[in-house]
Amino acid sequence: MTITAITNAHVHPVSAPAFDGTVLVEDGRITAAGEDVAVPAGAEVFDADGAWLLPGFIDAHVHLGVDEEGEGWAGQDTNEMTDPVMAAARAIDAINPVEIGFDDAIIGGVTAVNVNPGSGNPIGGLAVAIHTHGRVVDDMVLRSPSGLKAALGENPKRVYGERTQTPSTRLGVALTIRKAFATARAWRAKDEAERDADLVSEALARVLSREIPWRQHSHRADDIATALRLAEEFGYDLVLDHGTESYLIADKIAAAGVPVLYGPLIVSRSKVEVRHRTPKAPGLLTAAGVKVSIITDHPVVPIEFLVHQAALAVKHGMDADDALRAITLHPAEVLGVADRIGSIETGKDADLVLWEGDPLDTRNRTLRVWQGGTEVMHRDGSGEPVVAER
């Protein structure tokens, strides 16, 4: 049995008030956390010397490993834009776990991500929640699939409109989604022995049975209203990805109990749909009663800047504790993995990050990172980060 004790730390569990004390890890799981935790004989002890210990950050919307940086065409596997309905495509089949962005994630304190297909199709494919350090993606999986990615608005309209095929308008995009769900609903209603082999309907049926959520890319308020309408019509669990104008109808979203994954924040107004993006939005949504996560959409915003976006949200009115929840516990809950990660609690995976100080002060760096109790990053004598071999 491997026992690790992180002592003399300023601990922010996220799910409870901060305290100065010790976190005990045994065989990869947190077994104790508190001010007066006894350290067992033989434990490996890390003296934090007053540094801040937090759960690993979680980015619930990235294209890490499927949109490889610096690889150009060869590393671009985000969108299979050969058919508007790609529900059966799986992001896990395209993830390169040794892509350089994974090291950036670890150094930035991000220990888990949700990798999505892109938004070029009305229905893009199955997402997967994974850890950020590993050699083979199958060994990194936290939940597979973790949702089914879909898109409303400009992206699919542009992609297929340029080809003069359906869908070339917003109403065509919604129709494409409706037709796919109607087919899947009919397929699901049949006796199992009578069902044809239909991978698309099988994937959509998992959404209809609420086994996995529908991950709806949507920016404009009218597209968000369409997302709410479709979810009510077909009766599935909805998650709003991006939600640029979600704060304009925050009351409607809160009433529907739909979470918003807001971001990216550190971007220009590069297209019509994001002209109303604002760093005030996470705070406004939280005040309205919406469960908010903050996302980078990596590589749109580099993964290591996830915490910078949270800090920016605080600068523009979001409560600091809410901002930390938006990059830890809330994304864990949305991804259905909060029983394992997202906070420092007994029984959870020891995904832990030691910071020089408050991570919302962006001058502070990570010092050590543990994933499942195993150290995956430390700093050498010159202060340079060293990521463990995969």
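The table below lists the values:
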read-out: Odd one out for ASP237 among (1) within 19 Å of ASN114 (Cβ to Cβ); (2) in contact (Cβ under 8 Å) with a residue 40 or more places away in the chain; (3) not hydrophobic (A, V, I, L, M, F, W, C); value: (2)
read-out: Test: residue in region 120-128 that is free of Cβ contacts under 8 Å to residues at least 60 places away in the same chain and within 26 Å of LEU329 (Cβ to Cβ); value: yes
read-out: Single condition SER268 does not satisfy, out of (1) in contact with a helix residue (DSSP H, G or I) (Cβ under 6 Å, 6 or more places away or on another chain); (2) among the hydroxyl-bearing types (Ser, Thr, Tyr); (3) under 21 Å from GLY118 (Cα atoms); value: (1)
read-out: Total residues in region 131-172, condition without any contact (Cβ under 8 Å) to a residue 60 or more places away in the chain and assigned to a strand (DSSP E or B); value: 2
read-out: Subset tally (residues that are open to solvent by 10 Å² or more (accessible area, probe 1.4 Å) and over 16 Å from ALA332 (Cα atoms)) for region 251-264; value: 7
read-out: Of residues in region 81-91 being under 21 Å from the mean Cα position of the chain (by Cα) and surrounded by fewer than 20 Cβ atoms within 10 Å (Cβ to Cβ), the one nearest to GLU384 (Cα to Cα); value: ARG90
read-out: Identity of the residue in region 337-390, of a type in the set (Val, Ile, Thr) and farther than 24 Å from VAL314 by Cβ, that ends up farthest from the chain's Cα centre (by Cα); value: VAL386
read-out: Tally, over region 176-224, of residues that are open to solvent by 40 Å² or more (accessible area, probe 1.4 Å) and not basic (Lys, Arg); value: 17
read-out: Region 26-50, residues that are open to solvent by 70 Å² or more (accessible area, probe 1.4 Å) and either small (Gly, Ala, Ser) or in contact (Cβ under 8 Å) with a residue 24 or more places away in the chain (or both); value: ASP27, ARG29, ALA38, ALA41, GLY42, GLU44, VAL45, ASP47, ASP49
read-out: Test: residue in region 351-363 that is among the β-branched types (Val, Ile, Thr), open to solvent by less than 10 Å² (accessible area, probe 1.4 Å), closer than 18 Å to ALA16 by Cα and part of a strand (DSSP E or B); value: yes
read-out: Members of region 293-342 found to be touching a helix residue (DSSP H, G or I) at 6+ places or on another chain (Cβ under 6 Å) and surrounded by fewer than 22 Cβ atoms within 10 Å (Cβ to Cβ), listed by number; value: GLU304, VAL314, GLY317, ALA320, ASP322, ALA338
read-out: Number of positions in region 227-267 that are at pLDDT below 95 and among the polar types (S, T, N, Q); value: 0
read-out: Selection count where residues are open to solvent by less than 20 Å² (accessible area, probe 1.4 Å) and either touching an Asp or Glu at 6+ places or on another chain (Cβ under 9 Å) or among the charged types (D, E, K, R) (or both), scope region 275-289; value: 3
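The values are calculated or read from the model by the stated rules, or taken from the named source; none is laboratory data. What you see is a predicted model, and the numbers here were worked out from it, not measured in a lab. Backbone-built Cβ (ideal geometry, glycine too); neighbour counts: all protein chains shown. The accessibility values were calculated without ligands, DNA or RNA, using every heavy atom of the protein model including side chains. Shrake-Rupley method; radii C 1.70, N 1.55, O 1.52, S 1.80 Å.
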